[in-house]
Every structure is written in C-alpha cells, then in structure tokens.
Amino acid sequence: MHRLFASVGRKNLLLMGVQGFYWCAYCTFFGFIVLYMQNRGYSNVQCAQAQVLIAVVTLIVQPLIGYCTDTFLTCKKFLLLTTAMAVPVAFLFQMAMSNTILCFAAISLQSILFYPSASLIDSWTMALREEDPQIQYPLTRSAGSVLYALTALIFGNVIAALGDKVIAPSFLLFAALMFLCVFFLEETPCKNRKKDNAEGEEGSSQISGWEAVKILLKNKTYVFFVLSCLLYHIANKSTGCFISNYVVNIGGDSGGLGLLMFFSALVEFPSMMIMGRIMRRYPLGILHLFALSGIAVKSLFFLLASSMPLLIIGQLAQGISYGAYVYIFVEYICRNTPKQLNITAISLGTALTSALGGIVGNYAAGLILDLWGLAPLSLSAMAAAILSVLLFLPAAFSKPKKEAACAVG
C-alpha cells in the first residue's frame, strides 16, 4: 500500500476516489433513471420529460455554480455541502416514484445538488495540478470511467434481482466515500475573487458574471467548439436516453443494459489515457474531430442492431469517443479561455452542450420514438453527429492561436 501511495501519489489517489465514487453514485441514480421510471409505468414521453427536466435545471444552475466557485465558494466546500444534501434527496426519490409530482421534484433537486459536480471535480483537478504537476488528469478521470463501468455491470443485475429499493442505500454508500475523499484533499483559492493591493502591488479585479459571459461569447474559438459539442451531445443523448428500448427490442433485460453501460465505460479508460499521451503530438482540433465522429459510428451500429453484439460495438464506439471527448473538452477550454474564468467557461460550456443537448436530444428522442420508432431515432442521431463534424472542420484546420491558459496535461 505504501508503494502504491508513493508511485501514484496521495493527491492522485484521493482524486481517483472522488471521481470514482462520484460516478458510482451517479450511475446508481441517473444511470438507470429511465429504467426505474419505466418499471413504475411511466411512458416514453414522461421519461424523456424527466431527462429534459434534468437538462433544463442543469442549463440554468451550472453556469451559476461555475461562477460561484470561481468567485465566492471553493470547489471543495461546494462539493462537501452538495454531496451531503444529495443523500436525503435520493431517499425521497426512492419513496416518491409512485407520485409523479414528488418524483419529478426529487429529480429536479438532485439535478441541482449532484448532477453538476462532474465539471467541478474536473475544474478542481486542474487547479490542484497548477500547484502540483504530479497530478494526472487522465489517470484520475479514468478511475471514474472504470468504477462507473463496474457499477453499471453489477447494478443492472442487482436491480433485476432486488428491484429499485436499492437506489438510496447504494447512493448513500458511494456519496459517503466520495465525501471522505473530498474532505482529505486540499482547497484551492477562488481565482476570480477580488484581491486587495498589498505592499504597493496592483490587486486583481473581479470580473462580474455578465462581463464573464460577454468575454466568453465573444471568443469565437470557444463558441464554435461549444456548438460542435452541443451537436455531439444531441446525437449521443438521443439514443443514450432510450438505450433500454434498444435492449428490449432485441429481447434483453436490465442485465443486458448494465452490460452495455459496462462496455462503454470500460473503454473510456484506455481512450483517456492514450489521449493524454498523444495530445501534445497532434493538433487538438483533429483529435476533437475523431471524438465527434465516434457517435456517428455508434448511431450506425444502433441502426443496424439486431443482436447484443452489434449494440456492444456501438457502445464501444461511444466509449472510445467519449473518453477522448471528456479530456479534449477540458483541455481545449483551458487553452482558449482566460485562467481567471476557467471554471466558469467549463461550467457554461457544459450547460450549453451536455444540458442543452440533453433538452433537445432527449425530448426529440421521446417524440421520434413514440411516432416512428428506433430506426428513425438512430438516423437522426447519425445526422446530428455528422453535422457536428462538418461544423468544426474549419476550426480544426485553422492555425492554432496562442494559448489563453495553461494546458491540463
């Protein structure tokens, strides 16, 4: 154990724990939420509305949370507070699933308290790395993918055997472990907090929330990158929202759903690690095109899927794509936005891509699925993925600009 601490480092291990246990808790709540609701008799449109609700809430609160942690409250304190508050909400959800209003209220609360934590953990890792170059983002983030994969594989079978009564206890376990790892990590200061002059030195000014938004929206490099990521998420989430329908269509069950989630998350680990090695050798824009194209491949195999192996191949394409995308997303924004607004830029970017993409993708998916079925859903996802590649092509081959901030490495 001592050799493990020495070779990997205490901070890396704790960050691996934060990432890993966060994604375990996320999997037990959000990963199977459509299945939970379908098992309680909710329609495809209602399940899509729940996903849209998650995305709408995230779209609103995520930029605010990002600016808050850049300016007022450190990432560590925010994560400790929201993780503790998320546990009773998980129990509320489990008890209230038979009541539509309470069920959607619990989903809304959890979307405020726990869903946005992923981007904060990434941002905190970046800030810690500035103080300690030994911190490795691909290593720590890939721990989340591996543990998510294992949780998805096991939890799918647990649900099949025990039902949805295991949701809250499982969430409590993983949230408590995450809380402990967060507690033992060091804090990093808020970069946008106003600093007073000291000994004749010029103090740094605080950028207001509206000024921060204007700075980011005037950044064309940032805007076109975010637009391509928006289309990426529309394509990915439209099929991902109803992946259980694809499983049922070939005669599978919750165990098969867990297996698909396992394979997808498992290949994120090598994809992320490889990306960490090649990112400084190849243009970041070209690597982003590779990540975007993976969802088009996934959609093609979902369109052709008549058996579990074809769905698995599609999920493997998604896992490779998403593993690359996650790292590129953080790195690209870090390079092309002011350091003072890194967390705000990542949070706003996440809201405008993952959240807004979820609103469009999930709601459209529910309608397409109810009106026309799975094949048109797969075709529309493929079209959105191809459009994301075409949109980013000019930026991918343009001359790189001077970096606005340090890379994540």
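Just to check I understand the Karplus step: with θ = phi - 60° and J = 6.51 cos²θ - 1.76 cosθ + 1.60, what whole-Hz values come out for segment 301-315, glycine and proline as x?
My calculation for segment 301-315 gives 5, 5, 5, 8, 4, 10, 7, 4, x, 5, 5, 5, 4, x, 5 Hz in order.
Among 347-359, 60-72, what's the highest-first ranking by average C-beta atoms within 10 angstrom per residue?
Values: 347-359: 24.5, 60-72: 21.8.
Listed from highest to lowest mean packing, they are 347-359, 60-72.
Which entries of Lys191/Lys237; Lys298/Lys339; Lys77/Lys237; Lys191/Lys298; Lys11/Lys77; Lys77/Lys298 show an alpha-carbon separation above 28 angstrom in the structure shown?
Details: Lys191/Lys237 33 Å; Lys298/Lys339 35 Å; Lys77/Lys237 31 Å; Lys191/Lys298 39 Å; Lys11/Lys77 17 Å; Lys77/Lys298 38 Å.
The answer is Lys191/Lys237; Lys298/Lys339; Lys77/Lys237; Lys191/Lys298; Lys77/Lys298.
By how many nm would the segment from Met273 to Leu64 lengthen if fully extended, with 0.36 nm per residue of separation less the alpha-carbon distance? Spell out each step's value before the answer.
Values: separation 209, 0.36 × 209 = 75.24 nm, distance 3.10 nm.
Extra length from Met273 to Leu64 when fully extended: 72.1 nm.
Using a Gaussian network model of the chain whose springs link C-alpha atoms within less than 10 Å, name the residue from Lys218, Lys11, Lys237 with the highest mean-square fluctuation.
Per the Cα network of the chain with a 10 Å cutoff, Lys218 tops the list.
How large a share of the accessible area of segment 29-140, in percent, is made up of carbon and sulfur atoms when the probe is 1.4 Å and the other protein chains stay in place? If you can, show how the numbers build up before the last one.
Values: 2590 of 3920 Å².
About 66 percent, which is the carbon plus sulfur part of the accessible surface.
Project the alpha carbons of segment 82-195 onto their principal axes and report the range along each, largest first, in whole Å.
50, 33, 19
Pulled fully out, how much extra length does the chain show between Ser108 and Phe224, if you take 0.36 nm times their separation in residues and subtract their Cα-Cα distance?
Details: separation 116, 0.36 × 116 = 41.76 nm, distance 2.97 nm.
Here the answer is 38.8 nm.
In whole angstrom, note down how far apart the Cα centers of segment 319-351 and segment 135-195 are.
So the separation of the two Cα centres works out to 20 Å.
With +1 assigned to the C-beta of every Lys and Arg and -1 to the C-beta of every Asp and Glu, and no other charges, what is the dipole magnitude of the chain about the Cα centre in debye, to the nearest 20? Write out the running numbers ahead of the final one.
Working: 26 positive and 18 negative charges, 123 e Å.
Dipole about the Cα centre, nearest 20: 600 debye.
Let a ≥ b ≥ c be the square roots of the eigenvalues of the Cα gyration tensor of segment 222-318; is it rounded (a/c under 1.5), or, if not, prolate (a/b larger than b/c) or oblate? Walk me through the intermediate numbers first.
Values: a/c = 2.62, a/b = 1.74, b/c = 1.51.
Prolate, since a/c reaches 1.5 and a/b exceeds b/c.
Can you tell me which of 323-333, 31-41, 295-305 comes out highest on packing, and rank the rest after it, using the mean Cβ neighbours within 10 Å?
Working: 323-333: 24.8, 31-41: 19.0, 295-305: 22.3.
The most tightly packed comes first, giving 323-333, 295-305, 31-41.
If you project the alpha carbons of segment 128-284 onto the principal axes, what extent comes out on each, in Å, largest first?
On the principal axes, segment 128-284 reaches 71, 38, 35 Å in Cα extent.
Multiplying the sequence separation of Asn157 and Leu173 by 0.36 nm and subtracting their Cα-Cα distance, what value in nm do you get?
Details: separation 16, 0.36 × 16 = 5.76 nm, distance 1.80 nm.
That works out to 4.0 nm of additional length.
Contact order normalised by length for the chain, with contacts defined as Cα pairs under 8 Å and 6 or more residues apart; what percent is it? List each step's numbers first, then the result.
Details: 639 pairs, mean separation 112.6, N = 409.
Value for the chain: 28 percent.
For the chain, set up a Gaussian network in which alpha carbons nearer than 10 Å are linked by springs, and say which option among Ile278, Ile167, Ile386 fluctuates the most.
Comparing Ile278, Ile167, Ile386 in the GNM, the peak value goes to Ile278.
What accessible area per residue comes out for the chain, rounded to a whole number of Å², with a 1.4 Å probe?
About 42 Å² of surface per residue is accessible.
Just the number, please: carbon plus sulfur as a percent of the accessible area of segment 242-325, 1.4 Å probe, no ligands or DNA/RNA counted.
On the way: 2260 of 3310 Å².
Heavy-atom surface of segment 242-325 belonging to carbon and sulfur, 1.4 Å probe: 68 percent.
Using the eigenvalues of the Cα gyration tensor, what equivalent ellipsoid semi-axes result for the chain when each is taken as the square root of five times the eigenvalue, whole Å, largest first? Spell out each step's value before the answer.
Values: eigenvalues 211, 123, 86 Å².
Result for the chain: semi-axes of 32, 25, 21 Å.
Calculate the length of the line joining the C-alpha centroid of segment 230-305 to that of segment 55-118, in whole Å.
25 Å
Using 1/(1 + (r/R0)^6) with R0 = 41 angstrom and r between the beta carbons of Met95 and Leu393, what's the FRET efficiency to the nearest 0.05?
On the way: r = 50 Å, r/R0 = 1.22.
E(calc), rounded to 0.05, equals 0.25.
Could you work out the local net charge near Leu287, counting Lys and Arg as +1, Asp and Glu as -1, over the other residues with Cβ closer than 11 Å to its Cβ? Walk me through the intermediate numbers first.
On the way: positive: Arg280, Arg281; negative: Glu331.
Its environment carries a net charge of +1.
Using the Karplus curve 6.51 cos²θ - 1.76 cosθ + 1.60 with θ = phi - 60°, what ³J(HN,Hα) values do you get for each residue of segment 219-228, in whole Hz, with x for Gly and Pro?
In residue order, the calculated couplings are 7, 5, 4, 5, 5, 5, 5, 5, 4, 5 Hz.
Using packing as a proxy for protection, rank 45-55, 387-397 so that the peptide with the highest average count of other Cβ atoms within 10 Å comes first. Don't skip to the answer; put the middle values down first.
Values: 45-55: 21.5, 387-397: 17.1.
Going from most to least packed, we get 45-55, 387-397.
The values are calculated or read from the model by the stated rules, or taken from the named source; none is laboratory data. Values in this document were obtained by computation on a predicted structure and should not be read as measured data. Every residue, glycine among them, receives a Cβ derived from its backbone with ideal geometry; neighbour counts consider all protein chains shown. Ligands, DNA and RNA are excluded from the accessible area calculation, which covers all protein heavy atoms including side chains. Shrake-Rupley method; radii C 1.70, N 1.55, O 1.52, S 1.80 Å.
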